[in-house]
Each structure stands twice: as structure tokens, then as C-alpha cells.
Amino acid sequence: MAPTSLLISLASCLLFLSVSPALASNSEGEALCSFKSRLSDPNNVLQSWDQSLVNPCTWFHVTCDSQNRVIRLDLGNSNITGALGPELGRLQHLQYLELYRNNFMGKIPEELGNLKSLVSMDLYENQLEGEIPKSLSKLKSLRFMRMNNNKLTGSIPRELVTLSNLKVLDFSNNDLCGTIPVDGPFSTFPPESFENNKRLNGPELLGLASYDFGC
């Protein structure tokens, strides 16, 4: 994002919080406003995320429950560029994080592990890099985790085998290494969930090789 655009976006956030005392106390509104300030949005998908509106429940691409708590963020296929920030971890009631098919870059924040109500995390087809955070093992309600077609590296965290509700996982088309877990829900995922990771060595042979063998 150009420096001028970034300053305008940050100023908008500050104005947003100063003119609306009700939203100033709404940590979810603050978190989303902070997230917006990181992004380049050439198609003005986030245009409704405006300081003059009452709370984030009136914004497009944001869904709230009956108690005005943010439960969905739907920004898939929106031509957005930028980084995922730790402020997303403050959306305590979020159930669906849909950020697929954009140009999100940088690392996946460890703070996403704080989203303990999350059911679906769709980050596929972006430019994300770095390792998959071990903190995601705290997402005990998670059923769908799709991170395929990024630039992720490192081994698959063994802590993820504790996600007993996980039904769909896709780590394909990254640069992961080591071996594939075989415990917990990983015993049910097809080989296609891990394909096209050239340094991934196949299913873990328990007791015979370290899980990060080849990393």
C-alpha cells in the first residue's frame, strides 16, 4: 500500500473510533478497523467499513449473531493485498474466517489460535509464507482448514492431531517438509490433501524417523 493511502486508512480508523464512543468500546470493531488499515483494496470491497456506521454488524462481508458479535468474515476472492495481523485473534466469537483467493502475504499470525469458536478457516490461494502455527491446535471446534496453494514451509505441527472435529484439511501445493502425521483426524485425510509439497516425505513411521525428517 502506498504511504499516502496507508495514512488515510489509519486516519480513518482513528476518526472512526473517536466519533463513535459505542464502537470505541467494541474490541471487534477496533480489530477489524486495524485489519483494514493493513490492506490494499483496489476494488473498494471494504468501502462500507466506514466510521459513520454504527458498528461492524452493518458492514458488508461481516456477519453478526443476535447479540451483535462478529461470527463471519467473508472476504474470499476480493483482490485484497496485505498482511494478516494479530488483531484478527481478537474476534473471539468468529466461526468462519474466509480469506481465500486474495493476495495476503507474510506469516499466519499465532493469534489466530485464540479463535476458539472457529469452525472454518479458509486461507487457500494466497501468498502466505512461513510455518503453520502450533497455536492452531487450540481451535477445538475447527472442522475445515484449507491452506493450499500458498508458500508455507516447515513441518506439519504434530499438535494438530488433537483437533478431533477436523473433517477437511488441505495443505497441498506449498513447500512443507518432514512427514505427515498419522494420528487423530490425519488418519482420514486423503493423499491429495498433502500433494505437491516436494519436501514432504509421506506418512510418519512412528518410532523410526523424526517427524521433521528432511526439513
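Every number here is computed from the coordinates shown, using simple stated rules; none is lab data. No experiment lies behind these values; they were computed from the predicted model shown. In this analysis, Cβ positions are derived from the backbone assuming ideal geometry, glycine residues included, and neighbour counts consider all displayed protein chains.
Modelled this way, with points 7 Å down the Cα-to-C-beta line, the labels at S141 and V168 are 1.8 nm from one another.
Counting only Cβ charges, +1 for Lys and Arg and -1 for Asp and Glu, the dipole size of region 107-215 around its Cα centre is about 280 debye.
For R72, neighbours were defined as the other residues whose beta-carbon sits under 13 Å from its Cβ, and their charges (Lys and Arg +1, Asp and Glu -1) total -4. Here K151 is the anchor, and the lysines within straight C-alpha reach of less than 20 Å, apart from those fewer than 8 places off in the same chain, are K107, K134, K198. So if we plug the beta-carbon distance of T63 and F213 into 1/(1 + (r/R0)^6) with R0 = 41 Å, what FRET efficiency do we get, rounded to 0.05? Working from the Cβ atoms, E equals 0.45.
Summing +1 for each Lys or Arg and -1 for each Asp or Glu, what net charge is found among the other residues whose Cβ lies under 13 Å from the Cβ of R146?
Working: positive: R101, R143, K167; negative: E98, D122, E125, D170, E192.
So the surrounding residues net to -2.
Charge tally for T162 (other residues, Cβ to Cβ under 12 Å; Lys, Arg +1; Asp, Glu -1): +2. Applying a DSSP loop filter and a limit of 13 other Cβ atoms within 10 Å to the trypsin sites (Lys or Arg not before Pro) in region 133-170 leaves K140, K167. Assuming charge only on the beta carbon of Lys and Arg (+1) and of Asp and Glu (-1), the dipole of region 17-140 about its Cα centre is about 280 debye to the nearest 20.
Here region 156-204 and region 41-74 have alpha carbon centers that stand 34 Å from each other.
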